[in-house]
1. HIS77 - would you say it is at pLDDT 90 or above, closer than 27 Å to VAL199 by Cα, over 25 Å from the mean Cα position of the chain (by Cα) and not in a strand (DSSP E or B)?
2. Identify, please: which residue in region 15-51 is open to solvent by 70 Å² or more (accessible area, probe 1.4 Å) and more than 30 Å from GLN275 (Cα to Cα) and is, among those, modelled with the lowest pLDDT?
3. Would you mind telling me which numbered condition in (1) out of contact with any Ser or Thr (no Cβ under 6 Å at 6 or more places or on another chain); (2) modelled with pLDDT of 80 or more ALA165 fails?
4. Output the number of the condition that LEU144 fails; it satisfies all remaining conditions of (1) part of a helix (DSSP H, G or I); (2) touching a Ser or Thr at 6+ places or on another chain (Cβ under 7 Å); (3) open to solvent by less than 10 Å² (accessible area, probe 1.4 Å).
5. Are any residues in region 72-86 open to solvent by 30 Å² or more (accessible area, probe 1.4 Å) and in contact with a strand residue (DSSP E or B) (Cβ under 9 Å, 6 or more places away or on another chain), and if so, which ones?
6. Can you work out which of the residues in region 80-135 that are of a type in the set (Ser, Thr, Tyr) and touching a residue at least 60 places away in the same chain (Cβ under 8 Å) is farthest from LYS15 (Cα to Cα)?
Amino acid sequence: MTESSHENVPSRQRKRFAGISSRAYEHPADRSALVALRKLSGFDTVFKALSGLLPERSLRLLFLSDSVRVSDAQFAHLNTMLRDACYILDLEKVPSMYVTQDPRPNAMCIGLDEPIIVVTTGLVELLDEEEMRAVVGHEVGHALSGHSVYRTILLFLTNLALKIAWIPLGNVAIMAIVTALREWFRKSELSADRAGLLVGQDLQASMRGLMKIAGGNHLHEMNVDAFLEQAEEYEAGGDLRDSVLKILNVLPRSHPFTTVRAAELKKWAASRDYQRIMDGHYPRRTEDKDASVSDSFRESASHYADTVRTSKDPLMKLVGDIAGGAGDLGGKLRDKFTAAGAAGGSGSGGTKSSGNGDGSGPAPETGGGGGQGGS
């Protein structure tokens with residue numbers, strides 16, 4: 001269903017963003033993570049090699065033969081949403097979209113030459129119309145940003161790493177690239193969430209969708225404000241050991257935690273940047289060739305500086321203190337890790353506490369490899 005027109009799109013009262021560039025909604029961390037990924041040793045070689053070897057035709061045939069292609073005749077309501085999302089974000093070529101049988105709620109945008117959107121039956125059954133509209137917009141945002149290429153490579157390398165894991169050191173280099181790809185993809189999800197909001201233009205629907213992905217179809221038992229409080233508690237809670245555990249927990253995941261996504265999206269929806277887009281002031285694709293790379297770097301650097309400055313996470317606060325000129329790194333670490341440090345305890349006590357691990361062994365599976373927190 002790759003078409004180059006927007007015929008039969010529904011009458012809409014939402015705003016359309018003609019010629020919008022993905023730069024308008026891309027999260028600064030998304031851009032900087034992608035730059036870092038491209039600088040990773042060996043990435044260019046792997047990327048060029050895989051671009052010609054990946055079984056993209058096989059993927060298309062697989063979905064064509066074993067999933068349901070969305071069209072006017074099948075899942076017509078999803079077809080309407082897809083056309084609508086492409087119209088609003090002015091994506092001329094409507095991607096193919098498939099519904100595949102899987103009880104886990106998830107969606108993805110893959111493909112090298114042309115993007116393919118895949119949603120699971122679990123997601124279709126979980127979300128209402130407006131929540132699903134935000135998800136479809138999310139995936140169209142991935143397509144507009146060109147994320148599908150890297151997502152496809154991530155899926156391929158993840159499967160390859162599993163197949164060669166038995167070879168001594170055989171998957172070390174591959175896992176380094178997989179880890180970098182996952183770091184970028186988690187950030188790209190924040191960009192796509194913004195695209196979903198631009199398409200749905202209903203923040204509450206976006207929030208509900210994320211809550212359902214986290215807690216299932218029990219909205220009567222959930223509360224948006226309480227859900228967002230979880231994100232704040234997650235960020236601020238604990239000590240440095242908890243900060244390390246957060247990093248370990250998120251490493252195996254392809255998606256950020258849902259509470260974090262909800263908090264990030266709400267923050268952006270309240271920002272001047274979002275309001276400017278809604279008012280029609282945004283970068284156009286025709287201007288992409290003239291976009292300044294140095295400006296993008298500065299924006300990313302500014303974002304991270306603000307993140308460190310305003311974060312309540314103990315590790316980020318420590319980084320901010322150090323960057324701000326606070327001395328005695330050893331004392332800072334000791335004070336953070338041990339209560340005795342505040343009373344002048346010995347350095348060995350701090351070392352013992354930090355080396356204890358306290359549950360910081362291999363993180364349990366969080367389902368972030370593509371199921372939990374999908375779409």
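The values are calculated or read from the model by the stated rules, or taken from the named source; none is laboratory data. Please read all numbers here as calculations on a predicted model, not as lab measurements. Neighbour counts run over all protein chains shown; Cβ positions are idealised from the backbone, glycine included. Just the protein is used for accessible areas: all its heavy atoms, side chains included, with ligands, DNA and RNA removed. Shrake-Rupley method; radii C 1.70, N 1.55, O 1.52, S 1.80 Å.
1. yes
2. LYS48
3. Every condition holds for ALA165 apart from (2).
4. (3)
5. Matches in region 72-86: GLN74, PHE75.
6. THR120
To keep it simple, each residue is scored yes or no on (1) under 25 Å from LEU181 (Cβ atoms); (2) among the hydrophobic types (A, V, I, L, M, F, W, C); (3) modelled with pLDDT of 90 or more.
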{"residue": "LEU251", "(1), (2), (3)": "yes, yes, no"}
{"residue": "ARG261", "(1), (2), (3)": "yes, no, yes"}
{"residue": "SER271", "(1), (2), (3)": "no, no, yes"}
{"residue": "TYR274", "(1), (2), (3)": "no, no, yes"}
{"residue": "ARG284", "(1), (2), (3)": "no, no, yes"}
{"residue": "VAL293", "(1), (2), (3)": "yes, yes, no"}
{"residue": "GLU299", "(1), (2), (3)": "yes, no, no"}
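Residue-wise test of (1) closer than 19 Å to PRO105 by Cα; (2) at pLDDT 90 or above; (3) of a type in the set (Gly, Ala, Ser); (4) surrounded by fewer than 18 Cβ atoms within 10 Å (Cβ to Cβ).
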{"residue": "GLY170", "(1), (2), (3), (4)": "no, no, yes, yes"}
{"residue": "THR179", "(1), (2), (3), (4)": "no, no, no, yes"}
{"residue": "LYS187", "(1), (2), (3), (4)": "no, no, no, no"}
{"residue": "LEU190", "(1), (2), (3), (4)": "yes, yes, no, no"}
{"residue": "LEU210", "(1), (2), (3), (4)": "yes, yes, no, no"}
{"residue": "ILE213", "(1), (2), (3), (4)": "yes, yes, no, no"}
